[in-house]
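*Asks:* Right, I'll just put the structure down here and ask away after.
The values are calculated or read from the model by the stated rules, or taken from the named source; none is laboratory data. All figures in this text were calculated on a predicted structure; none of them were measured in a lab. All Cβ positions, glycine included, derive from the backbone under ideal geometry; neighbour counts span all protein chains shown.
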Amino acid sequence: MGPHGERSIYGITKAVWLQHMPYLPFEYATEQPLLARICAVKHINLCAHEMSKAGIHPGVYELGACWNVGLAGFVKLHKLGVRVDYGVCIANLYGQP
């Protein structure tokens, strides 16, 4: 379990789990890796969709940053021109600027 209660290799929070998998117990995020991946993919798709609606290109950096600080936090920081270190790290892993 992560420092903020995150579970699985994807670091899924209880709020994200309940948003996408409300019919299953949060413990499954750790116990069922396939379900954790399904939840993570659903959340990334939601973030990408919402970013596009906000006029933000959902690139690797943007999705990583959004995963780390949440959609509302990312949109706010993006508008202020603030970079999110976690997003930079993810972009570096994927070889993106």
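*Asks:* Across segment 74-95, what is the total count of residues that are outside any helix (DSSP H, G or I) and exposed (fewer than 14 other Cβ atoms within 10 Å of the Cβ)?
*Replies:* Here the count works out to 5.
*Asks:* On the basis of being in contact with a Cys (Cβ under 7 Å, 6 or more places away or on another chain), surrounded by 13 or more Cβ atoms within 10 Å (Cβ to Cβ), modelled with pLDDT of 90 or more and among the hydrophobic types (A, V, I, L, M, F, W, C), does Leu71 make the cut?
*Replies:* Yes: the conditions hold for Leu71.
*Asks:* What residue, among those in segment 4-26 that are outside any helix (DSSP H, G or I) and among the charged types (D, E, K, R), is surrounded by the most Cβ atoms within 10 Å (Cβ to Cβ)?
*Replies:* The residue in question is Arg7.
*Asks:* Which of the residues that make up segment 27-43 are within 19 Å of Gly70 (Cα to Cα) and surrounded by 13 or more Cβ atoms within 10 Å (Cβ to Cβ)?
*Replies:* Passing the criteria: Ala29, Ala36, Arg37, Ile38, Cys39, Ala40, Lys42, His43.
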